[in-house]
Amino acid sequence: MTEIVDIPQALVDRWRRIPVPVIVDLAAECQIDIAIRPLCPAGQQPALFGRAVTARCAPPDFGAVLRAIGLMQKGDVLLIDAAGIAEWAMVGDVLGGHLHRIGAAGIVCDGAVRDTGALAGMSGLSVYSRHINPRGPVGIAGTEVNRPVTIGGCVVNPRDLIIGDDDGLAVLNATHAAALIDKAEAKLVLEAEWTRRLGADEPIGQIFGL
């Protein structure tokens, strides 16, 4: 059984205000492949923030997805490693609707989803996927749940922190979360200062040391 290394809640609370661009500027290895895209257009995608529950699938089998959903709690994110396969959707409006009802934060699928209109209309449920395909899964034998998976080139462990916005996704394990938070908060302060100085019409060369 995989040992789950949790991120302390106080540290999670600090990360809640850090956007994806700041994270990936500091640690490119935390960036999930940008081909896994938000379901909704920019400005309409709910922000994603939560702890990972993982499922590894062998499409068309989606048994691991069903088992993972049975473990999910409010605020969790379902991470589906479907090896990038496009031919079968691993989740749609029935399972997505259940996740929405229990207060899950979202779904990230390195594979395909379907029923996208319904999923996009579920307020507060943030969905990201590599592919869209109306063809549903077949088979429920899979059991690989809450083990390390690979999502968009990144290893994701159970309880890792998943952060998403209109620009993309990032994953923070316990080590990254602890090592990067001070730098991330300092970058936010620096960007706010840049914005203030630009708004004051200070010469751009002076601001950025050109």
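Dipole magnitude for the chain: about 460 debye, using +1 per Lys or Arg Cβ and -1 per Asp or Glu Cβ, origin at the Cα centre. Note on segment 1-92: Cα-only Rg and Dmax are 15.0, 41 Å. Accessible surface calculations at 1.4 Å, restricted to protein heavy atoms, place segment 91-173 at 38 Å² per residue. Between segment 9-39 and segment 165-210, the alpha-carbon centres lie 13 Å apart. Once the chain from THR175 to ARG135 is taken as fully extended at 0.36 nm per residue, the excess over their C-alpha distance is 10.5 nm. Here the peptides 82-90, 139-147, 172-180 are ranked by packing, the mean other Cβ count within 10 Å, and the order with the highest first is 82-90, 172-180, 139-147. What shape does segment 73-120 have by the C-alpha gyration tensor, where a ≥ b ≥ c are the square roots of the eigenvalues, rounded means a/c under 1.5, and otherwise prolate means a/b greater than b/c and oblate the rest? It is oblate, given that a/c is not under 1.5 and a/b is not larger than b/c. In plain terms, the chain from ALA27 to GLN44 could stretch by 3.5 nm, reckoned as 0.36 nm per residue minus the Cα-Cα distance. Modelled this way, with points 7 Å down the Cα-to-C-beta line, the labels at GLU202 and ASP167 are 2.1 nm from one another. Solvent-accessible area of segment 51-210 (1.4 angstrom probe, protein heavy atoms only): carbon and sulfur portion equals 56 percent. Length gained on full extension, GLU87 to LEU71, computed as 0.36 nm times the residue gap minus the Cα-Cα distance: 3.1 nm. Our note on the geometry: Cα centres of segment 67-112 and segment 119-152, 4 Å apart. Taking the Cα centre of segment 42-108 as reference, the dipole from Cβ charges on Lys and Arg (+1) and Asp and Glu (-1) amounts to some 280 debye.
The values are calculated or read from the model by the stated rules, or taken from the named source; none is laboratory data. Keep in mind it's a predicted model, so treat the numbers as computed, not measured. Methodologically, a virtual Cβ is constructed for each residue, glycine included, from the backbone with ideal geometry; neighbour enumeration extends over all protein chains shown. With ligands, DNA and RNA removed, areas are computed over all heavy atoms of the protein, side chains included. Shrake-Rupley method; radii C 1.70, N 1.55, O 1.52, S 1.80 Å.
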